[in-house]
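Below you'll find the structure, written out as structure tokens, and then a few comments.
The values are calculated or read from the model by the stated rules, or taken from the named source; none is laboratory data. Predicted model only: the values in this text are computed from it and were never measured. Every residue, glycine as well, gets a Cβ built from its backbone with ideal geometry; the counts of neighbours run over all protein chains shown. Only protein heavy atoms, including side chains, enter the accessible area calculation; ligands, DNA and RNA are left aside. Shrake-Rupley method; radii C 1.70, N 1.55, O 1.52, S 1.80 Å.
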Amino acid sequence: MIVALLAGCAPRTRAGTDAWASPAHVAARPIVASATAVSGGGGPGRPPRPSPACLADVAGPIPDHVTVNGRQRSLLHHAPAATAAAPRDLVIAFHGRTNDAAQARRYFGLDDALPEAVVVYPRALPANPTSFAWRDPGDPPHGQRDFAFVDAIVDAVGRAHCIDLDRVFVVGHSLGAYFANDVACHLGDRIRAVASVAGGVLGDGCASGTAALQIHHGDDPLVPFAAGEAARDAFLAANGLADATPAPTAHPDLARLRCVGYGLGAAHPVVWCAHDDPRSPSGRRDAHAWPPGTAAAIAAFIRGLP
């Protein structure tokens, strides 16, 4: 395992007990190689856990595909131009059942909202000529086919670009939201947080240790609101927050989606956004869509985590 010590890095900004009290742009954190082991992720008093590429002179090209179980799987990505010694957040964003990675990349808006992060958009395998799937029929919740794809992405990106292995995030919409939630539930030792829109979760429970942002419209016609509530409750239970009292989030990008937070100021908070904006990014009415302002809300959530 490659280890490192921080050298002159700026701490992440937090305001009071609400990590999202004000906007905060997080700069890359330079590191210096060291033989001294450190633990924990980036944030105040916690150095990053650098990937292998962090010891390279410059960041290398991120591959446009990885091979998983003998299949070549394609990726799109956004990566900031930077020296390899600046650990970056890694965000893996999953598309839904009928939109591919390129379409999701266009309407997610994450490249612009998180210019300092490495953002990867994997492509799911076809389920039939008109739709995709992130799992094979009959896969158990804890053993889904594309969990191995997630591991391969983290490994490949970490060898090519300097990332903080304690700040790997998953994002998804619709079917991709289900998968992102499942990844966070069952690969919690590798995922810092999940941000999902219009999704639920498979199975009866989650492992602890993953923060969560859940966004859902009450009139969603495709994924019932109750499924979003069940995902929220699974993360609350896993993180010991089942009895926590929700508090409003003061950050304007979260407040506009009517978000409330459980365990704000803790390492693994849960933010629940029962929004009331039934517009798609194109402006048409669709309560299942990715609502306007979602990318900014996800960016605020990710940057606010220690």
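Structure above, values below:
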{"quantity": "Segment THR130-ASP276, length gained on full extension (0.36 nm per residue, minus Cα span)", "calculated": "49.6 nm"}
{"quantity": "Two-site FRET efficiency, ARG258 against ARG159, from Cβ-Cβ distance with R₀ of 45 Å, rounded to 0.05", "calculated": "0.65"}
{"quantity": "The stretch 190-269-the stretch 134-180 distance, computed between alpha-carbon centres (Å)", "calculated": "19"}
{"quantity": "The stretch 190-279, accessible surface, carbon-and-sulfur percent (1.4 angstrom probe)", "calculated": "53"}
{"quantity": "Karplus (6.51, -1.76, 1.60) ³J(HN,Hα), θ = phi - 60°, over the stretch 86-94, in Hz, Gly and Pro reported as x", "calculated": "10, x, 10, 5, 10, 10, 10, 10, 9"}
{"quantity": "Distance histogram in 5 Å bins (all Cα pairs of the stretch 221-275, percent per bin)", "calculated": "5, 20, 27, 24, 17, 6, 1"}
{"quantity": "Cα gyration tensor shape for the stretch 99-181, rounded if a/c is under 1.5, else prolate or oblate", "calculated": "oblate"}
{"quantity": "Sequence ranges 205-211, 66-72, 232-238, ranked by mean other-Cβ count within 10 angstrom, highest first", "calculated": "232-238, 205-211, 66-72"}
